[in-house]
Amino acid sequence: MEYGFIKVASAIPSVRVADVEFNVSSIISLTDKADKAHAEIVVFPELSLTGYTCQDLFGQSVLLHEAENGLRRLLEETASNDVIGIVGAPIPYDDVLLNCGVVFQHGRILGVVVKTYLPNYNEFYEKRWFASSVDISPSVIRFAGQEVCITNDIQLFRTNDGAQFGVELCEDLWAPTPCSNDIALAGADIVFNLSASDDLSGKHAYLESLVSQQSARTISGYVYSSCGFGESTQDVVYGGNAMIYENGKRLVGSERFCFGEQLIVGSVDVERLRSERRKNTSFALAKRGITANVIYAEETRPHEFSLERTIDSHPFVPKSDDMREHCEEILNIQTAGLAKRLVHTHCGHVVVGISGGLDSTLALLVCVKTFDKLQLDRKGIVGVTMPGFGTTDRTYNNAVSLMKSLGVTIREISICKSVTQHFEDIGHDINVHDVTYENGQARERTQILMDISNQVGGLVIGTGDLSELALGWATYNGDHMSMYNVNGSIPKTLIRHLVNYVAVTDVDEQSKATLMDILDTPISPELIPAKADGTIKQKTEDLVGPYELHDFFLYYFLRFGFTPSKIFMLAQHAFGASYDKQTIKKWLSTFVHRFFAQQFKRSCMPDGPKVGSVSLSPRGDWRMPSDAVAAAWEKECKSL
């Protein structure tokens, strides 16, 4: 389980109804393939030894003997493999027949899981042939040449590297209280489902929703395998569905209605699942009193780690197919938060510093949207542009143009004279462009905004974003401070998409043109004089690193508590085509150092709405002492 990942597989074998010898050969072949792919566990469909659609042939001793002999052969011919297999088999038990999932490894049966819920409606007649786990008493039987415990207790299987999994069969998932509820609460990181669900028009979408929801509800990995081509089509058709989910997200799936055998492999992040469970107090509460028998798998040979999944390089950014919906939802959350604060304070004015950059642009757009919803005059929005020593014509013109086209009140106040006087007062050489030079400008701007808010009886709306808060890229008691910050939980990589969404869908043509140019402008605080040609000299990402990397680091560091080494590995998979290892290491080290060193700024950040799963609010998601030492994290960064 290197880096917390475990590689799992779901197989759809070729099947001939009641031809056990043929079926076992197909299962052996796919088991070998799963082992060669270094999967630790592979699951097969329900009753895969015989075929699910044998019907009354399950009452024939010949078929049951063949199934037992077939399992014996399967155990013998896969004994040299490390992979743990889970195969479906009918097992006679005293005077009843059980529909079972058999877990095996190295030629040994690790355990048998008996199906609990037997569908007996519509096209299903399982109670005609099988008994439920609730109908049996625990006992040990001899099957396939080995002693096997038949029980209705919860059984967990533990791999030699510490991952735990459980098994349920088909209808056990569809029941009102799925067996996997208790299996996960008992400690299973992953649930495997052997299924034989026939395909009907519209059913597949429901199935995917069911598997996704169960994986999310139990905060688990969920690996599903269902019967495919080869089962009897007398009355129903089986499309062959193999799926691997992790906490509600689909990692990989098979081709539906494929006429050949299939094997899908995926890497489930067990560390991520356990991190989510530890934070979810409801999960801990629900598991009280639930116990299980734990069965230990055998030692396996070490093999080279490979990650069988795609790593999203921009985890904060919605996917293109639902981008519009998510952008609208985020804007509505920002708007609702600001609207409540305005109504609560009986305030009809807001003051926003407009720089011509992305952050202040989004804040202004949110203010406009809020005022429109509250049916307030947009003139109550006081946009203040405050050109300084580093302001370029491009950002200045964009700031003024946007305020004009949106119809807000425009104030222009140059800070050059007041900052020059301030530098004289404190004895600072204006030609020394150090942190005093930069922060003096930022604090002067905030003072202006605060004083104007007193003049108009309004609120200063903050513009700083989540990425800047994580890095501490804000002037303490400068742009760090406001009366309400609508951008406080939105990362830099997402702000760009929100501004673009508004430009495309919700403004006039003049505003759209200005927004598009703002989107194309390099990110800069513009606190250092521009180049000779008037272009921006001070580019933020040249100083602190690419925001797309920092947002990636922030997501995995804060959301799941991953180590620098794991984040480094994930970043290489996500950004391998864009950044080399040394570049990723450099900026990861920068992130860790700045994140710890700048907590004091986050400890007193202003109110603002939480819009996503990651927030740095000291009143909400993140409580960290300002004096915490980064030594352990920085040591690991150096060792990468």
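The values are calculated or read from the model by the stated rules, or taken from the named source; none is laboratory data. Note that this is a predicted model, so its numbers are computed, not measured. Cβ: placed from backbone, ideal geometry, glycine included. Neighbour counts: every protein chain shown. The area values use the complete protein model at the heavy-atom level, side chains included, leaving out ligands, DNA and RNA. Shrake-Rupley method; radii C 1.70, N 1.55, O 1.52, S 1.80 Å.
Screening segment 606-640 for residues that are among the aliphatic types (A, V, I, L, M), open to solvent by 20 Å² or more (accessible area, probe 1.4 Å) and not in a helix (DSSP H, G or I) and picking the one that is farthest from residue 340 (Cα to Cα) gives 640. The residues on offer are 255, 299, and the sole one that is among the acidic types (Asp, Glu), more than 25 Å from residue 215 (Cα to Cα), assigned to a loop (DSSP other than H, G, I, E, B) and open to solvent by 60 Å² or more (accessible area, probe 1.4 Å) is 299. Filtered by the rule that a residue be open to solvent by 10 Å² or more (accessible area, probe 1.4 Å) and more than 30 Å from residue 267 (Cα to Cα), segment 23-62 gives 53, 55, 56, 57, 59, 60, 61, 62. Of all residues in segment 226-252, those satisfying the criterion of being over 17 Å from residue 197 (Cα atoms) and part of a loop (DSSP other than H, G, I, E, B) are 247, 248. If the condition is being open to solvent by 10 Å² or more (accessible area, probe 1.4 Å) and within 26 Å of the chain's Cα centre (by Cα), then segment 163-176 contributes 164, 174. Of everything listed in (1) surrounded by fewer than 21 Cβ atoms within 10 Å (Cβ to Cβ); (2) under 27 Å from residue 125 (Cα atoms); (3) out of contact with any Phe, Trp or Tyr (no Cβ under 9 Å at 6 or more places or on another chain); (4) modelled with pLDDT of 95 or more, the single unmet condition for residue 92 is (3). Candidates 558, 554: the one that is part of a helix (DSSP H, G or I), open to solvent by 20 Å² or more (accessible area, probe 1.4 Å) and not acidic (Asp, Glu) is 558. Restricting the first member to segment 181-192 and to residues that are within 15 Å of residue 5 (Cα to Cα) and touching a residue at least 40 places away in the same chain (Cβ under 8 Å), and the second to residues that are surrounded by fewer than 24 Cβ atoms within 10 Å (Cβ to Cβ) and among the acidic types (Asp, Glu), no beta-carbon pair is closer than 6 Å while six or more apart or on different chains. Against the test of being closer than 22 Å to residue 252 by Cβ and modelled with pLDDT under 95, the options 198, 161, 235 yield a single qualifying residue, 161.
Looking at 465, 506, 434, which is the one that is open to solvent by 20 Å² or more (accessible area, probe 1.4 Å), within 29 Å of residue 544 (Cβ to Cβ) and either of a type outside the set (A, V, I, L, M, F, W, C) or modelled with pLDDT under 95 (or both)?
Being open to solvent by 20 Å² or more (accessible area, probe 1.4 Å), within 29 Å of residue 544 (Cβ to Cβ) and either of a type outside the set (A, V, I, L, M, F, W, C) or modelled with pLDDT under 95 (or both) holds for just one of 465, 506, 434, which is 434.
The single condition among (1) hydrophobic (A, V, I, L, M, F, W, C); (2) under 16 Å from the mean Cα position of the chain (by Cα); (3) surrounded by fewer than 16 Cβ atoms within 10 Å (Cβ to Cβ) that residue 311 does not meet is (3).
Yes/no matrix, rows are residues, columns are (1) of a type in the set (Phe, Trp, Tyr); (2) closer than 19 Å to residue 14 by Cβ; (3) not in a loop (DSSP other than H, G, I, E, B):
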{"residue": "42", "(1), (2), (3)": "no, yes, yes"}
{"residue": "65", "(1), (2), (3)": "no, no, yes"}
{"residue": "75", "(1), (2), (3)": "no, no, yes"}
{"residue": "90", "(1), (2), (3)": "no, no, yes"}
{"residue": "101", "(1), (2), (3)": "no, no, yes"}
{"residue": "104", "(1), (2), (3)": "yes, no, yes"}
{"residue": "109", "(1), (2), (3)": "no, no, yes"}
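Exactly one residue among 391, 385 is modelled with pLDDT under 95 and farther than 30 Å from residue 81 by Cα, and that residue is 391. Scan segment 380-398 and tell me whether some residue there is in contact (Cβ under 8 Å) with a residue 40 or more places away in the chain, among the aliphatic types (A, V, I, L, M), part of a helix (DSSP H, G or I) and open to solvent by less than 40 Å² (accessible area, probe 1.4 Å). Checking segment 380-398: not a single residue is in contact (Cβ under 8 Å) with a residue 40 or more places away in the chain, among the aliphatic types (A, V, I, L, M), part of a helix (DSSP H, G or I) and open to solvent by less than 40 Å² (accessible area, probe 1.4 Å). Pairs meeting the criteria (first residue in segment 619-640 and within 22 Å of residue 601 (Cβ to Cβ), second residue acidic (Asp, Glu), beta carbons under 9 Å, at least 6 apart or on different chains) are 619/607. Within segment 523-548, take every residue that is assigned to a loop (DSSP other than H, G, I, E, B) and open to solvent by 50 Å² or more (accessible area, probe 1.4 Å) and give me the one that is nearest to residue 404 (Cα to Cα). This residue is 535. Residues that are open to solvent by 10 Å² or more (accessible area, probe 1.4 Å) and within 27 Å of residue 280 (Cβ to Cβ) within segment 184-218 comprise 185, 186, 187, 206, 208, 209, 210, 212, 213, 216, 217, listed in sequence order.
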